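The next block holds one structure in the form of C-alpha cells; read it before the comments.
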Amino acid sequence: MNRITPYQSAALKYNEHISLTANAGSGKTFVLSRRFVEIAVNENLSLRNLVAITFTEKAASELFKKISDEVERRLDISSNADEKEKLERIRRQLVSANISTIHAFCINILKEFPSEAKIDANFVPIDKAYSDELIQLSVEEIISASLKQPGFESEIKYLIRLFGSKNLLAAELINLVDKRKNILALADKLYSKNEEEIAGYFRTIYIETSKALFDEKIKQLILFTEEINIAVLSKDAGNKIALEINSIILKLKQQNDFNASLALIHTLVGLLLTKSGTVLQKGYLGKNKDTFTSQISFIEETMNDLADFSVMQDDNKLELDLARFGKVLISVFKRILERYEDKKHLNGYLDFEDILIKTKMLLSSSEIGDKLFENYKYIMVDEYQDTNEIQFDIIMPILDYLSRGNLFIVGDEKQSIYMFRDAELEVFNRTKELISEDASPEKLLMLPHSFRMSPDICLFTNIVFSKLFENPNRYFNDVEYNELVCSRDDNVEGNIEFIISDADSSEDSEAVLVAKRIKQLVTGVDPTKYKYDDFTILCRKRKSFDEIEDAFTLLNIPYTIVGGKGFYQQQVIYDIYNYLNFLINVKNDAALVGVLRSPFFTISDAEIFEISLEEGENYWDKFINYSKSKNRLTQVLKILNENIELAWNIDIPILVKKIIEDTGYLAVIAAGPRGKHEIASIEKLVRISNSFFNQGLKSLYDFVKFLEDATSNRVDEGEPGISLLDDSVKLMTLHQSKGLEFKAVVLYNSQEHSAVSTVKAKTIQADKDYGLLTSLPADSYFSRYQNAPVVSLYNYITRKKNNAETKRQLYVGITRAKDLLIVSGSKKNSDFHKDSYLGLLAAGLENELDQEINLAGELQFLKYEKDQFQSTRKSIRLTIPVINQIEFSDNPELKENEKEIVQLKDKTAGISDVQEEEIISATKVAVYNQCPVKYYLTYELGYLDIYVNYKRSLKDFDFYNSEEKEHRIMADIKGKIVHTVLEKESNSEDQGILVDSLLSNEKELQFQSAEAVEKLKQNILETAGTYYSSVNYKTLKRFTNYFNEYKIYAKEKDYFLYGIIDKLVIENDSALIVDYKTDNIAKDEIPERFEQYKTQLLFYAYLVGRSIPKINKFILQIIFLSYPDDVFKIELKREELIQIKNLIKEFVSKTRNVEYVKNLSHCSKCVYSKNDGTCVKT
C-alpha cells in the first residue's frame, strides 16, 4: 500500500501537533512509519531526536521493520544524491533509534539521570515474577512484625478482623503494592487529611457526580412514571398503588436535593418494580404494557441503577468509617512499600512500576524536561487509546505541555480494551483537547477508511455500532462512532453468519456446529475459497478452548492455540520438573518414577512395579540394584549418574538442554499429536531457565522451587506461539488478536458475559478519584457489610465502564475479519445477557437473532481510480443467516501425519532458536567460518563457559586470551576499555580519568583487589600509549574524514547485518577499515591470528560497500596493539564483495537448516579440542 489517501497525506504534515483517530485497517502504522522517515529526511535530524513509542515490544519490532522498509523503498526510487546520503545515514542510525515501549524509553531516561532519579546507576530491571516474590515477602514480614509492635498492633488487627483472615488481607495488600501508582497519588492528595475532611470529600464527590449523572434522568423518570400512572388512574381511579405513586411523584417534583430524591425513588422502586426488576403488571399496569414500551424500558433501567445506590445518613458514619479504613491502610501500605523498596535497593533492582514512577518524579523537574527536549524534539505515540495518566505525565513535560517540539498521537478510542491494565480513555480525550487548544481543531484528524474489511462487513459494522455507540457519556468511557469507509480494491463482497446452538446434546453444541461449518467451507463445493489457516477463532477466555479442541479432534480439523494455554501445567514441563527435582534429591521417589515413566526413558508400568520389589531404602537404590541384572538399563543408569554429578556444577540452562538431548525425548514428543506445541514449550522453558539464571545468585534448588510454584499456581502463563503459517485453524483470545487481521473470523461463545470488578466485602479497590474503597460492617465485625454512598457510585460507574469496554471488545473482534465473519453462541431459555456480545448485537440490530436477518444501508467507498482517490456511496443489502443445525458428512481425507512427524523429528536434533529478522554480527560469521561445530557449541548450545572450566589446566588456547575465567574477564574488560579510549582519542592526562571512570562501572571488578584493578589500569594506559606513539597511528592521524567506533547496519532479505568498525576512513572512492586487537600473543603468531580475524574484516567491507555506494576500493587493516607498527592488511575491489555476500548467505542458510559440519583442520587451534587436539564432538 504505497498510494497515500488524502486522509493519510494530511497526517504526514508535522508542522503542528496532531491527534489521529484511525479506524480499524486504515493503515495507521503505515502513516506512522512514513511520518518518522519524512521528519528524519526533511529536517536533517539525528534519529536520536525522534521518539516512537508503541504499546508492546512486538509492535515496536513491527514498526522498526516498516520504517526500515520505508527507508529501503526510498533508497531504491531516489535519484537525488543528497537525499540518498541522508537515507543512508538514517539506515545506519536505525539500529539505535528510539523505537520502543514506554518502559524501554523510560529506562534510557533513568540511565541518563540516575543520580537525579536517586537510583543505582547500574540498576537492574526485574520481571513480574521476581517482583511478586519480593512483594509477598515484604507483606508477610510487615504483617508479622506489626503484630508484635505495640504502635502498629492495633492497626493490623483492625484490618485482619475486617478481612476475616491474615491471608485475605495479605492478598489485597500484595495487589495494592503491585499497582501502587494510584495509592501513592491518593496518599498525598487525600489521605494526608484528617478523617472528617476525607469523609467530607466522599460526600462532595458523591453528590456532585450523582447530580451530573442523574439530574436529567430523574426528570425524565418522573415524566414517564407520571404518564403511565395517569393512564392507570384513568382506568381505575381508586388503584391504591397508583395513588401512592402519585403522592411520591408530587414530592419528587418539589425536591432539588439528590439524596432526598434518591430516598423517594427507593420507595418508588418498592411500589413500581417486581423482584426481578420489571414494572409491575398485576394489580397495576395490566394490559397497558405495549402502549408504553419505550417508557417502561427507560423506567426499568434507571430505577434498577438507582436501587443499588446508598442513601447518605446524616451522621456521616459510613463515610467516617471508610476514611478511617483508608488512613489505617495507607499507614500499613507505606511500611510494606518501604520494606519492598529496601529489598530492591539492596540489589539495585527496579520493577516495571518503578520505571514509570521514577521517570515521572524525575520529570517533575523542569530542568530535566529541558535537557530531554534537547534530545527528543519529535515524539510519536502509537495505540494512544491504551495509555494512562502516568505515561501522559512522562511525555508532556518533555514537550512542556505542547509549548515546544512536536507530538503525534495515533489510536482509536473504539479499540480501547485494556482497562484491566489501567488504560484510561480520558487521557486520550485530554490530550486531544490540549492539541486543539495549542494548534487548531483541524489537527484532530481521522483515517475513516479501511483497507481490510469487505463491503458487507463494513456496512454490518456501521449499522451495529452507530446504534451501540450513540449518546456517549464520557463518565463511562463511552466513545463516539465514526463510520467505516470501504477502501478494499478487490471485488470480494464478504459474508456474515450467526451460528446459534439451542441444543443440549453435544452433537449440536456450539463447538460442533462451528467445527462442522469450517469443515463444510474448507472441503465443500468450492474448496479453493477457504483453507484451514484462513480461519481464526476468537474467545473472550481461554477456558473456551477445551470444547473447541474436542470438536476439532472429533472432525479431524488441524488447529493451533496461539500463545497456548496453561504453559506450566503441560506434561512436558512436569517431566522436566520431575527430572530436576530428582537431581537435587535422589531420595524423591515420586520424581524418579515420573522420570522413568516419561518419554525420557519410557519404562513400562509393569517394570516400574518390578523395580519397586528390589532391595533398597528408596527407589533410586532399588533402581541401581535392578539395573545390575538388566543390561538395557545400564545406559539409563549411566545418564542419570552423570547428570547427578553435573547438576550443581553447570549452569541451569545448559543442564536443562543436556537432559533433553541425552535421550530420544524430543523425537517421542515430536511424534505426538501436539508435537509442534510441545517442542515450542520446551524451547520456551529453556529461555525461562536462561532468564532465571541471569538474575544471579540463583541455584538449581531455587529454579526447582520456582517450577514447583509455577506448576501449582501460574495457570495463566500461555504456551509459546509457533508458526502461524501452517494449515491449521488458529485459536486465540480476543485481546491477542489486537492489531491483526484474518480472512475468516469466528467470535466464539458470544453469549458469555464477564464479571465486573466492583467493590465487595473483604476486597479493596483503589481509584485515583474516589479513594480506597471497600465494604464495611455496619456496627460490629459480625454485622452485615454495607457500602458507603461513594462506593455505590463507584460500582455503578464501573459497571457502565465495563459495558462500554465490552462494546469496544466486540468492535475489535468484528473488525479483525476481512471476508467472512461468523458470530457463534448458545441460547437456552431466556434472552442473551445485555453485556454479552450476542446481547449487544441483538440491541444493535434491534433483532432477537432467532431467524434470518435482512439489512440495508448506504456505504461510502474510497477507491483509487483514474490516478486519484475517488469517493462514492452505494446502497447495499445484506442477508445474514442464523444457523441452528448443520447436516454434514465428513469425507475421508488423505492424511500426511507420518510425513509431518518425520520432518519434525529432523528439526528437533537440537532445540532450535531459528528466527527471522535476526541480527547477524561479524563475530558469528567468523566463528562459523573457522568451524561450524564450534559455532554450534558456542552460540546455539552456550557451552563455552563449562568447556573452558573443563580445560582450565591447558596452557595453549589463546582464542579467548585466557586460561582461567577470571583472566578472561580481565582481558575482556581491558579490550572493551582500550577500544573506548581509542574511540575518544583523549590526551594523556584525560586518559587516566577516563579509564578510572570506565573501570568503576565494571561490576565484575568489585571482587578484585585494588592492586589487581590498578595493574589492569596501567596495562590499559600502556597499551594505548604504545599505540599513540606508533608510526601507524601518526599515519592514520593525517586523515581528516574518519569515524571512530562506527556503527553500521544493512538489511538483507529477512535478516540484518550489524557491525561496529573501530576506525573507518573515507578518502575519495576508497575506504580504509581498521580493526584494533588487544590479543596477548607473540609477534610470530600475528600472521596466523590475522587469518583468523580476516572474515570479520571482509564482513565489514561488505557492510561499508552496501552502505556507501561510491566506494570502489577497500583497504582492510588489523592493528595488533602490542605491535602497532606491524601492518597486516588486504585490499579488495567492489566486484569482489559478491564473494563475501555469498559467504554470508551460506552462513544464514546453513545455520537455519542446522548444518554443522566439522572443520577438522581447525581442531588444533580450537578452544573445544581435546587434549590430543582432536574434535570434542565425536
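Numerical summary
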| read-out | value |
| --- | --- |
| Length released on extending from Lys275 to Gln254, taking residue separation times 0.36 nm less the Cα-Cα span | 4.7 nm |
| Residues Lys219 and Arg687, FRET efficiency given R0 of 56 Å [Cβ-Cβ distance, rounded to 0.05] | 0.35 |
| All lysines inside 21 Å of Lys235 as judged from Cα atoms, apart from same-chain residues fewer than 8 positions distant | Lys282, Lys287, Lys289 |
| Rounded to the nearest 20 debye, dipole of segment 108-149 from Cβ charges on Lys, Arg, Asp, Glu | 120 |
| Relative contact order of segment 571-713, defined on C-alpha pairs under 8 angstrom at six or more residues apart (%) | 25 |
| Selection from Cys539, Thr923, Ala856, by position along the positive dipole direction of the chain (Cβ) | Thr923 |
| Student exercise, the chain dipole from Lys, Arg, Asp, Glu Cβ charges, in Debye to nearest 20 | 860 |
| Sorted peptide list for 871-882, 380-391, criterion being average Cβ within 10 angstrom, highest first | 380-391, 871-882 |
| FRET efficiency, Lys1047 to Ser165 (Cβ-Cβ, R0 51 Å, nearest 0.05) | 0.35 |
| For segment 185-240 versus segment 255-275, the gap between their alpha-carbon centres in whole angstrom | 9 |
| Segments 449-455, 251-257 sorted - mean Cβ within 10 Å per residue, highest first | 449-455, 251-257 |
| Cα→Cβ-extended label distance, 7 Å offset, between Lys529 and Asp82, nm | 5.6 |
| Packing-based exposure ordering (other Cβ within 10 Å, fewest first) of Ile1111, Ile977 | Ile1111, Ile977 |
| Peptides ranked, highest mean first, by Cβ atoms within 10 Å: ranges 573-580, 553-560, 1116-1123 | 573-580, 1116-1123, 553-560 |
| Between segment 595-668 and segment 1042-1100, the Cα center-to-center distance that results, in Å | 49 |
| Which of Gln149, Leu87, Ile119, positive extreme of dipole for segment 2-151 (C-beta unit charges) | Leu87 |
| Gain in span if fully extended, Arg474 to Thr1026, counting 0.36 nm per residue against the direct Cα distance | 191.7 nm |
| Part-to-part distance (alpha-carbon centres) for segment 308-329 and segment 365-398, which is given in Å | 38 |
| For segment 551-656, size of Cβ-based charge dipole, Lys and Arg +1, Asp and Glu -1, in debye | 300 |
| Cα-based reach from Lys181 at 20 Å (exclusive), listing lysines while leaving out same-chain residues under 8 positions away | Lys118, Lys128, Lys189, Lys193, Lys327, Lys334, Lys343, Lys344, Lys358, Lys360, Lys768 |
| Label-point separation in nm, Ser366 to Ala843, each point 7 Å along Cα→Cβ | 4.8 |
| 13 Å reach of a label modelled at Lys828, 7 Å along Cα-to-Cβ, counting backbone N of segment 751-788 | 752 |
| Theoretical FRET efficiency, 1/(1+(r/R0)^6), r = Cβ-Cβ of Ala1082 and Arg73, R0 51 Å, to 0.05 | 0.50 |
| Listed residues Phe64, Tyr130, Asn44: farthest to the positive end of the dipole of the chain (Cβ charges) | Asn44 |
| Helix-only CD estimate at 222 nm, as mean residue ellipticity for the chain, using -39500 (n - 2.57) per DSSP H run (n ≥ 4) | -16000 deg cm²/dmol |
| Overall Cα dimensions of segment 571-713, principal axis frame, Å, largest first | 43, 37, 27 |
| Exposure proxy ranking, count of Cβ atoms within 10 Å, fewest first, for Val756, Val139, Val232 | Val756, Val232, Val139 |
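Computed from the coordinates by the stated procedures, all read-outs in this text should not be read as laboratory data. Small disclaimer: the values here were computed from a predicted structure and weren't measured. So basically every Cβ, Gly included, is an ideal-geometry build from the backbone, and we count neighbours across all protein chains shown.
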